[in-house]
Amino acid sequence: MARSTSRRARGSRSRGSILAMARDWLARPQLIGTALVVLAAAALPFLLPIGHLLGGLRDSLVRTFGVHVFTIVLALLTFGALLATQRTEWLRLHARHVAGFLLMLVFSAGVLAVWRPDQMVGSADLGVVSAGGNLGRWFLGWPGFLVWLAVFASAFSLLWPVTALAIARATPGIVALGVMAASRWAWNGLRRRVEGPPSDVDTALEYDEYEVDVAPSIEPAFTPDLDVGTPIEKPAVEVPSAKRQLEMDLEQPADRWRHSGDGWQLPAIELLDEGKPSKMADAERQQRAQLIVDTLASFGVDARVVEVNAGPTVTQFGIEPGWDVRTRTVQERDANGQTILDSDGRPRTKEVEVSRTRIRVNRIIALQNDLALAMAAPALRIEAPVPGKPIVGIEVPNESASVVSMRSVLSTPEYRRFAAKADMPVALGSSVSGEPVLADLAKMPHLLIAGATGSGKSVCLNAIITCLLMNFSPEELRLVLIDPKRVELTPYEKVPHLAFSNIIVDMDRVVGTLQAVINEMESRYRRFAQVGVRDIKRYNEQAAKRGQSKLPYWAVIVDELADLMLVAPYQVENQIVRLAQLARATGIHLVIATQRPSVDVVTGLIKANFPTRIAFAVASQVDSRTVLDRSGAEKLLGRGDMLYVPTDAQTPRRVQGVYLSDREIEAVIRFWTADRFKELAPPKHDDLLDEAEEQVQGGDEADPDSDPLYDRAVALAREMSTLSTSMLQRRLRIGYPRAARIIDELEERGVIGPADGSTSREVLIRDEARGVPVGGPPAEASTVPPAGDGD
């Protein structure tokens with residue numbers, strides 16, 4: 001008994017190991033593909049009319065399938081080659097087309113059954129069994145004819161789903177229902193068996209009812225023939241029509257197709273995740289509202305809650321201030337003026353109102369910390385008054401914050417109405433009342449973002465970039481990304497929207513990049529002057545009438561301004577200010593972020609030209625005043641909680657920013673980097689960048705003898721008793737390398753003395769009439785030019 005048990009155990013283990021080996025072998029599609037290729041190749045001589053041992057089996061196959069035996073071998077050879085070359089992803093994406101083609105081959109067997117050629121294949125006579133074989137002849141009988149029609153309907157639905165759906169909808173009665181149900185059942189069953197369980201991204205592209213969506217046609221684009229004397233943008237390649245775009249993405253259901261204004265296909269909203277609603281109950285809100293009223297009453301402040309706005313992160317309680325009533329006690333008297341006595345013989349008294357005034361708002365604001373203590377909240381923010389409402393808003397953090405997804409904002413009717421009239425719509429987040437907060441980057445016209453580490457600044461930048469990628473094609477928008485951190489914006493390096501081939505990560509190239517953007521701005525102004533328009537919107541309208549190419553909008557996004565200001569503060573500040581002052585009309589807009597909002601980074605000139613600002617949680621009240629010119633950002637909760645100051649508002653608006661996961665960003669990038677867009681991507685402007693870098697490098701590395709600033713440095717030295725490199729930087733507004741070279745040249749020519757360890761050097765020339773150094777000319781000063789001649 002024990003031996004038999006052990007033999008059974010060994011047998012079960014051996015069978016288990018064989019099954020495991022079979023599963024491992026089947027899990028390798030390249031092995032299966034190689035085996036199929038070998039099988040198909042071995043079948044070719046088997047089917048040829050030559051002598052062999054298994055002629056009977058061949059004749060049976062020919063009688064059953066007719067001439068389709070050759071088609072079966074070809075299909076096996078093709079399928080095996082695809083598996084052997086690991087093209088399983090192609091098979092998964094085109095499973096619908098492959099299945100429809102195979103069903104159409106099965107249907108053709110019935111068509112071939114009516115053809116009886118006088119031809120022998122081995123001992124099988126096609127004149128007897130027909131070219132379609134016994135299978136085709138069965139299709140022409142009953143009930144095979146019904147199966148034959150069902151095979152045709154399924155194949156037609158898989159290959160041409162839009163037309164099939166239109167025919168089914170136009171077919172009355174139960175026939176339409178049967179065709180639609182059979183088509184859906186065939187497709188869903190095939191997809192489950194071929195694709196396996198759907199992933200998160202595949203779920204967003206799940207098959208649904210198709211609808212015909214015709215995109216507007218596009219006129220061919222070409223660059224206007226303008227002679228402006230300087231290099232301008234390269235001629236734009238011809239934009240393919242919308243029909244070509246639709247034919248290239250048949251894997252996505254037609255009812256989810258989105259298109260830009262010029263016909264490019266845009267990413268589907270289903271690529272983005274849905275947000276989770278807030279779980280705060282109404283009873284909890286009412287309890288908090290009553291606690292606020294009781295706390296204020298305990299300090300002698302009369303108020304009542306008239307409005308409760310539940311947001312994703314905070315809940316705003318609208319407080320209406322009550323009345324401060326003053327009374328006094330007086331004795332009651334009758335009509336004759338006599339005192340009225342009560343039953344005990346004492347005079348009766350009553351309370352008489354002396355004055356009634358509103359509770360001052362300052363009394364509520366002064367109790368901010370007491371309210372936070374009573375509600376056990378880490379921080380409260382009081383907005384007094386709420387813009388447009390006669391109430392004081394007390395914003396209390398929720399116990400559990402909900403995530404605001406970009407999909408939830410883009411799917412709202414408010415966004416659709418806003419996007420219809422905005423030039424560059426951007427979804428920022430949700431307000432304290434749960435309403436979507438939207439902005440038009442073209443009307444900002446530039447955006448300054450500041451926040452401490454981990455407050456959500458980089459997520460906001462990714463949300464802005466992704467929102468632009470969701471709504472604009474490469475022909476409508478070009479991106480210039482500057483990322484000193486080298487990690488935040490690098491995932492977008494392969495999208496076709498980039499104006500240059502690479503994302504700028506080297507600090508040495510920042511000045512040249514900004515100069516290239518300035519050159520593009522000046523080139524556009526020259527184009528406007530040629531046409532006689534003032535801004536990009538009017539220019540594009542004129543270009544559309546003349547059949548010329550439109551100018552795309554440019555978005556220049558800088559992830560960390562502080563690093564740029566450390567490398568070349570004066571050049572970067574001058575270039576940013578120049579772009580902020582002039583680039584709006586040309587369609588070039590700046591989005592600049594920094595995590596160190598100090599006065600040496602966010603200077604007065606930069607603040608003056610960036611009216612639209614976003615402040616995330618900062619370290620101190622000083623940083624909040626630097627960004628917003630008021631306090632409040634130091635009390636934010638972080639993780640996307642921000643204060644947004646639009647151009648048309650006097651007070652900041654509290655917003656919970658949208659959140660984008662890495663998977664969502666990768667899905668959008670994967671859409672734009674697909675193979676179908678490789679031939680359609682517009683050309684890059686690397687020549688513009690190279691020209692600007694040579695221009696900047698030539699200006700910085702020029703010989704001080706020929707530098708136009710050298711004369712100004714000599715004139716400045718005559719006005720000073722000492723001169724230093726930092727003084728030249730400030731007064732001439734140049735970089736340190738150039739100022740240091742000018743200082744060395746001044747020393748060589750005897751204008752200033754040698755370095756003695758201090759930061760400043762003594763100026764040796766005093767006499768402006770002769771340019772003679774004090775105490776006589778030094779040994780190397782004989783070549784000092786006279787005053788005013790320069791060198």
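The values are calculated or read from the model by the stated rules, or taken from the named source; none is laboratory data. Remember, it's a predicted structure, so these values are computed and weren't measured experimentally. Virtual Cβ from ideal backbone geometry, glycine too; neighbours counted across all protein chains shown. Surface areas here come from the heavy atoms of the whole protein model, side chains and all, with no ligands, DNA or RNA. Shrake-Rupley method; radii C 1.70, N 1.55, O 1.52, S 1.80 Å.
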* Before we move on, is Thr603 in contact (Cβ under 8 Å) with a residue 24 or more places away in the chain and either within 22 Å of Asp648 (Cβ to Cβ) or touching a Leu at 6+ places or on another chain (Cβ under 8 Å) (or both)? -> no
* Check region 618-626 and report whether any residue there is touching a strand residue (DSSP E or B) at 6+ places or on another chain (Cβ under 8 Å), open to solvent by less than 60 Å² (accessible area, probe 1.4 Å) and aliphatic (A, V, I, L, M). => yes
* Selection status of Ser411, of a type in the set (S, T, N, Q) and surrounded by fewer than 19 Cβ atoms within 10 Å (Cβ to Cβ) -> yes
* Structure fact -> Taking region 651-685 and the residues there that are out of contact with any helix residue (DSSP H, G or I) (no Cβ under 7 Å at 6 or more places or on another chain) and of a type in the set (Val, Ile, Thr), the one that is most open to solvent (accessible area, probe 1.4 Å) would be Thr651
* Structure fact -> Considering residues that are open to solvent by 40 Å² or more (accessible area, probe 1.4 Å) and in contact (Cβ under 8 Å) with a residue 60 or more places away in the chain, the number found within region 311-342 is 1
* Which residue pairs have Cβ atoms closer than 7 Å, lie 6 or more positions apart in sequence or on different chains, and pair a first residue in region 149-165 that is in contact (Cβ under 8 Å) with a residue 40 or more places away in the chain and closer than 15 Å to Leu102 by Cβ with a second residue that is open to solvent by less than 50 Å² (accessible area, probe 1.4 Å) and charged (D, E, K, R)? -> Leu158/Arg96
* Structure fact -> Gly454 fails exactly one of (1) open to solvent by 40 Å² or more (accessible area, probe 1.4 Å); (2) among the small types (Gly, Ala, Ser); (3) closer than 28 Å to Gln581 by Cα, namely (3)
* **helices (runs of 4 or more DSSP H) enclosed by region 461-578 - at least 3 residues per element that are open to solvent by 40 Å² or more (accessible area, probe 1.4 Å) and not charged (D, E, K, R)** => 510-531
* So Leu373 fits all but one of (1) within 60 Å of the chain's Cα centre (by Cα); (2) open to solvent by less than 60 Å² (accessible area, probe 1.4 Å); what number is the exception? -> (2)
* Asked: Based on what the data block shows, is Phe79 more than 22 Å from Asp59 (Cβ to Cβ), within 45 Å of the chain's Cα centre (by Cα) and at pLDDT 80 or above?
  -> no
* To do: Name every residue in region 469-491 that is farther than 21 Å from Ala442 by Cβ and of a type in the set (D, E, K, R), in order of residue number.
  => Asp483, Lys485, Arg486, Glu488
* Structure fact -> The lone condition Arg356 fails out of (1) at pLDDT below 90; (2) on the phi < 0 side of the Ramachandran plot; (3) outside any strand (DSSP E or B); (4) loosely packed, with under 15 Cβ neighbours inside 10 Å is (3)
* Asked: Within region 678-791, which helices (runs of 4 or more DSSP H) (wholly inside it) include 1 or more residues that are hydroxyl-bearing (Ser, Thr, Tyr) and modelled with pLDDT of 75 or more?
  -> 708-719, 725-732, 736-748
* Gly587, sole failed condition from (1) on the phi < 0 side of the Ramachandran plot; (2) open to solvent by less than 10 Å² (accessible area, probe 1.4 Å) -> (1)
* Structure fact -> Asp324 vs (1) charged (D, E, K, R); (2) in a strand (DSSP E or B); (3) more than 28 Å from Pro387 (Cβ to Cβ): all pass except (3)
* Find the residue count for region 288-310, including only residues that are in a helix (DSSP H, G or I), open to solvent by 50 Å² or more (accessible area, probe 1.4 Å) and under 22 Å from Val386 (Cα atoms). => 4
* **Odd one out for Phe418, checked against (1) in a loop (DSSP other than H, G, I, E, B); (2) farther than 30 Å from Leu514 by Cβ; (3) modelled with pLDDT of 90 or more; (4) not charged (D, E, K, R)** => (1)
* Asked: Under 8 Å by Cβ, and 6 or more places apart or on different chains, what pairs join a residue from region 565-577 that is under 12 Å from Arg509 (Cβ atoms) with one that is part of a loop (DSSP other than H, G, I, E, B) and modelled with pLDDT under 90?
  -> Ala568/Gly735
* Structure fact -> The number of residues in region 634-658 that are touching a residue at least 24 places away in the same chain (Cβ under 8 Å) and either charged (D, E, K, R) or not in a loop (DSSP other than H, G, I, E, B) (or both) is 12
* Asked: Which residue pairs have Cβ atoms closer than 7 Å, lie 6 or more positions apart in sequence or on different chains, and pair a first residue in region 439-467 that is touching a residue at least 60 places away in the same chain (Cβ under 8 Å) and closer than 19 Å to Asp623 by Cβ with a second residue that is open to solvent by less than 10 Å² (accessible area, probe 1.4 Å) and polar (S, T, N, Q)?
  -> Leu447/Thr612; Ala450/Thr594
* Structure fact -> Exception for Ser433 within (1) among the hydroxyl-bearing types (Ser, Thr, Tyr); (2) in contact with an Asp or Glu (Cβ under 7 Å, 6 or more places away or on another chain); (3) surrounded by fewer than 19 Cβ atoms within 10 Å (Cβ to Cβ) falls at (2)
* **Residue satisfying all of: in region 387-415; without any contact (Cβ under 8 Å) to a residue 24 or more places away in the chain and in a helix (DSSP H, G or I); farthest from Arg639 (Cα to Cα) among these** => Pro413
* Any residue in region 378-386 that is touching a helix residue (DSSP H, G or I) at 6+ places or on another chain (Cβ under 8 Å), among the β-branched types (Val, Ile, Thr) and either over 30 Å from Arg630 (Cβ atoms) or without any contact (Cβ under 8 Å) to a residue 40 or more places away in the chain (or both)? -> yes
* To do: Could you please let me know if Leu428 is open to solvent by 20 Å² or more (accessible area, probe 1.4 Å) and in contact with a helix residue (DSSP H, G or I) (Cβ under 9 Å, 6 or more places away or on another chain)?
  => no
